[in-house]
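These notes concern the structure reproduced below.
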């Protein structure tokens, strides 16, 4: 499948699921993850050194507005950008004060060079065929002394097969009986017999041999004149995890990473 076809499939899927997205993704829309997210965005905001007020923020791949809500609460002016018009319509209905930008075919054309003090992207890069090119675009859009936040992407530990993480998953996961009552799940399972990389929602980079590589992102951002201001691995919470098991393992294993970079160069 070509990159254009991959993006088109993602757009189609997310247009269809836009208004169901929050309900589907319990690993995002829960108290633990939302508190962590508010904290990290606060830290990122406090790392900005552009001297502007209010800060101009870009929610890159805004989805249903998960980051947008926090950026607004932190007193920033927000532009929400996405490839899905369904998501943009949803965000506009929820937050009418936000500027919407449609990234047709994934293009960031039309967004200004050095136009934003803080740029944040969450659970997006694994949907992008060339995620390093996307990171370079985030660097282009960032003002000198501004900050780029990349969050909610699997860490190396997730792909390396940590035995303790496997033990955690075995103990923590509850059976989701609803999946047996969803006819579409049987269709997707059948498709995976013919294409093991088929995914229900249209993810792209989600396989051990084709995934987000954090060292390459860090090297790229460094080469473009950025310094690391936040680097942290964490264990993503999920509605299917037993809370007591999650709490027992949260400080011992991780599967997801947040990194934030501040632009130190003038170009």
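The values are calculated or read from the model by the stated rules, or taken from the named source; none is laboratory data. On a predicted model such as this, the values are computed, not experimentally measured, just so you know. Note: ideal-geometry Cβ built from the backbone for every residue, glycine included; neighbour counts use all protein chains shown.
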Checklist outcome for this item: Sole miss for residue 91 among (1) buried (at least 23 other Cβ atoms within 10 Å of the Cβ); (2) free of Cβ contacts under 8 Å to residues at least 40 places away in the same chain; (3) assigned to a loop (DSSP other than H, G, I, E, B) is condition (3)
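Looking at the stretch 208-226 only, could you name the residues that are assigned to a helix (DSSP H, G or I) and buried (at least 19 other Cβ atoms within 10 Å of the Cβ)?
Kept after step one, since they are assigned to a helix (DSSP H, G or I), are these residues of the stretch 208-226: 214-223.
Of everything in the stretch 208-226, those that are assigned to a helix (DSSP H, G or I) and buried (at least 19 other Cβ atoms within 10 Å of the Cβ) turn out to be 217, 221.
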Checklist entry - Which one is surrounded by the fewest Cβ atoms within 10 Å (Cβ to Cβ) among residues in the stretch 247-256 that are touching a helix residue (DSSP H, G or I) at 6+ places or on another chain (Cβ under 6 Å) and closer than 18 Å to residue 211 by Cα? => result 255
Checklist entry - Quick check: is even one residue across the stretch 57-78 farther than 18 Å from residue 153 by Cβ and modelled with pLDDT under 95? => result no
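Name the residues in the stretch 69-87 that are within 13 Å of residue 21 (Cβ to Cβ) and in a helix (DSSP H, G or I), would you?
Applying the first criterion (within 13 Å of residue 21 (Cβ to Cβ)) to the stretch 69-87 yields 82, 84, 86-87.
Of everything in the stretch 69-87, those that are within 13 Å of residue 21 (Cβ to Cβ) and in a helix (DSSP H, G or I) turn out to be 86, 87.
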Item to check | Per-region count, the stretch 95-144, residues in contact with a strand residue (DSSP E or B) (Cβ under 6 Å, 6 or more places away or on another chain) and more than 19 Å from residue 84 (Cα to Cα) | outcome: 8
Checklist entry - Could we say that residue 47 is surrounded by fewer than 23 Cβ atoms within 10 Å (Cβ to Cβ) and farther than 30 Å from residue 129 by Cα here? => result no
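In the stretch 227-267, which residues are closer than 17 Å to residue 166 by Cβ, out of contact with any strand residue (DSSP E or B) (no Cβ under 7 Å at 6 or more places or on another chain) and not in a loop (DSSP other than H, G, I, E, B)? Break it down into steps so the answer makes sense when it comes.
Quick first cut of the stretch 227-267, residues closer than 17 Å to residue 166 by Cβ only: 233, 235-236, 238, 240-242, 245-246, 248-250, 252-256.
Checking the rest, the ones that are also out of contact with any strand residue (DSSP E or B) (no Cβ under 7 Å at 6 or more places or on another chain) come to 235, 238, 242, 245-246, 248-250, 252-253.
Across the stretch 227-267, the qualifying residues are 245, 246, 248, 249.
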Checklist outcome for this item: Subset of the stretch 15-54, residues outside any loop (DSSP other than H, G, I, E, B), touching a residue at least 40 places away in the same chain (Cβ under 8 Å) and farther than 25 Å from residue 234 by Cβ, comes to 15, 16, 17, 18, 19
Next on the checklist: Condition first: in contact with a helix residue (DSSP H, G or I) (Cβ under 6 Å, 6 or more places away or on another chain) and at pLDDT below 85. Now tell me which residues in the stretch 15-56 satisfy that.
Outcome noted: 15
Checklist entry - Among the residues of the stretch 94-113 satisfying the criterion of being outside any helix (DSSP H, G or I), surrounded by 13 or more Cβ atoms within 10 Å (Cβ to Cβ) and in contact with a helix residue (DSSP H, G or I) (Cβ under 7 Å, 6 or more places away or on another chain), which is modelled with the lowest pLDDT? => result 108
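May I ask you to say which residue of 205, 126 is within 18 Å of the chain's Cα centre (by Cα), modelled with pLDDT under 95 and part of a helix (DSSP H, G or I)?
Working: 205 fails: part of a helix (DSSP H, G or I).
None of the others qualify; the one that does is 126.
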Checklist entry - Residues of the stretch 135-178 being at pLDDT 95 or above, part of a helix (DSSP H, G or I) and under 29 Å from residue 225 (Cβ atoms), which ones? => result 135, 136, 137, 138, 139, 140, 141
Checklist entry - Can you name the residue in the stretch 227-246 that is over 23 Å from the mean Cα position of the chain (by Cα) and within 20 Å of residue 158 (Cβ to Cβ) and, of all such residues, is surrounded by the most Cβ atoms within 10 Å (Cβ to Cβ)? => result 245
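Residues that are part of a loop (DSSP other than H, G, I, E, B), modelled with pLDDT under 80 and within 17 Å of residue 25 (Cα to Cα): does the stretch 180-190 have at least one?
Looking through the stretch 180-190, at least one residue is part of a loop (DSSP other than H, G, I, E, B), modelled with pLDDT under 80 and within 17 Å of residue 25 (Cα to Cα).
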